[in-house]
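The values are calculated or read from the model by the stated rules, or taken from the named source; none is laboratory data. Everything numeric in this text was worked out from a predicted model, so none of it was measured. Using ideal geometry, Cβ is built from the backbone for each residue, glycine included, and neighbour counts are taken over all protein chains shown. Ligands, DNA and RNA are excluded from the accessible area calculation, which covers all protein heavy atoms including side chains. Shrake-Rupley method; radii C 1.70, N 1.55, O 1.52, S 1.80 Å.
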Amino acid sequence: MSAYSFYDDLRVNETENFQPIFIGNHVGRNLHRYGSGEKQQDGESASAGDEDFSFVMCHVPIFMRYTLMHGDGNLTDTSDVGYGASAAALMAIEHWNSGNGVVVKEIEGMTQSCKVRFTTEIFDTQARAIPAVKGIAEMMTRSPNSVIKPQPCAVVGTEYSSVSGKFATVTGVYDLLQVSPGASSDVLDNKDAYPLFSRTHPSDRATAKLLPNFMNVVMNVQKLAVVFVADDGFGLSYIHFILDYAEENGLNILPVPLNFQHAPTKEDIKGELKVLLDSKLNYVIGVFFRDKYAPIMEAAGELGLA
């Protein structure tokens, strides 16, 4: 029996052995203590000399994009990244719960020294802040006594900066640690606004400066345009650092913001891209996610830009 299913089954089958750590009308971040001298993880009875099988259970939901909501209300399956990230998180939970150090050797035998175990659930954010915030608000206001549907004690996600900014405001208010695998905006480094936000990769600053440096130093380009999504934290953060680099190194940058907040038509996008026709620039950098690639490139193609 895997460690992951074992602890999930305990929540369902042995609720009487769990006690909430915070008693009363507690909102968010409650944990449960499990205490039993009768079971080991492998399901066998503990011998008389063994220490009681007891630990604290922490619930860590995973907030990832599995579908994408369009302006017409239809959903598109975009689950490839969501499945990959969730699978990685599930493997990490299983390895921690079982003390398996095959990937991270430091957690080998961790179950003997750390009496914390994890369970999780997966939530589809649709790459939008409102569903994500509603989801975490529902979880935080669950009954503090519920063992089967527990309040979270930490959160994995979200992957987009535009979602994580609003999401991290809520998790910060309720003292929930948030670990993002994808939100890269430097704005999220503000610990006054996002005190418990963290991430597993670099912010935009380093990557945003490498790109204009390559164009300038390696390709000897002095003038270029940057097309970015204006209502996205990733694009705004990226253009900010590109412009900083340009000012310091004498590079001429034409920012071309695109507004996707209200599901623009092709004509809307073409209208915002027309500035590129007048600029007559030969080098154009696009800073946007792949779900924006098709409508932007289709509009650019009709304008003769691509």
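List of remarks:
- Of all residues assigned to the range 216-227, none qualifies as being crowded, with 18+ Cβ neighbours inside 10 Å and either under 30 Å from ALA89 (Cα atoms) or free of Cβ contacts under 8 Å to residues at least 12 places away in the same chain (or both).
- Qualifying residue in the range 85-105 (condition: under 30 Å from ASN259 (Cα atoms), of a type outside the set (Gly, Ala, Ser), assigned to a helix (DSSP H, G or I) and open to solvent by less than 70 Å² (accessible area, probe 1.4 Å)): no
- Of all residues in the range 118-135 being part of a helix (DSSP H, G or I) and in contact with a Phe, Trp or Tyr (Cβ under 9 Å, 6 or more places away or on another chain), the one that is most open to solvent (accessible area, probe 1.4 Å): VAL133
- Scanning the range 278-306 for residues that are acidic (Asp, Glu) and farther than 30 Å from ARG65 by Cα, we see that the one that is most open to solvent (accessible area, probe 1.4 Å) is ASP278.
- Failed criterion for ASP9 (all others in (1) at pLDDT 80 or above; (2) touching an Asp or Glu at 6+ places or on another chain (Cβ under 9 Å); (3) over 30 Å from GLY172 (Cβ atoms) hold): (2)
- Residues within the range 256-277 that are modelled with pLDDT of 90 or more and open to solvent by 50 Å² or more (accessible area, probe 1.4 Å), tallied: 10
- Evaluated against (1) in contact with a Lys or Arg (Cβ under 9 Å, 6 or more places away or on another chain); (2) within 30 Å of PHE63 (Cα to Cα); (3) of a type outside the set (Phe, Trp, Tyr), LEU254 falls short on exactly one condition, (2).
- Wholly enclosed strands (runs of 3 or more DSSP E) of the range 136-221 bearing at least 2 residues at pLDDT 90 or above and in contact with a Phe, Trp or Tyr (Cβ under 8 Å, 6 or more places away or on another chain): 154-156, 177-180
- Of the residues making up the range 105-118, those that are touching a residue at least 12 places away in the same chain (Cβ under 8 Å) and either more than 30 Å from GLY233 (Cβ to Cβ) or touching a Pro at 6+ places or on another chain (Cβ under 6 Å) (or both) are ILE107, MET110, THR111, GLN112, LYS115, VAL116, ARG117.
- Among the residues of the range 218-258, those that are within 23 Å of the chain's Cα centre (by Cα) and of a type outside the set (Gly, Ala, Ser) comprise PHE228, VAL229, ASP231, ASP232, PHE234, LEU236, TYR238, ILE239, HIS240, PHE241.
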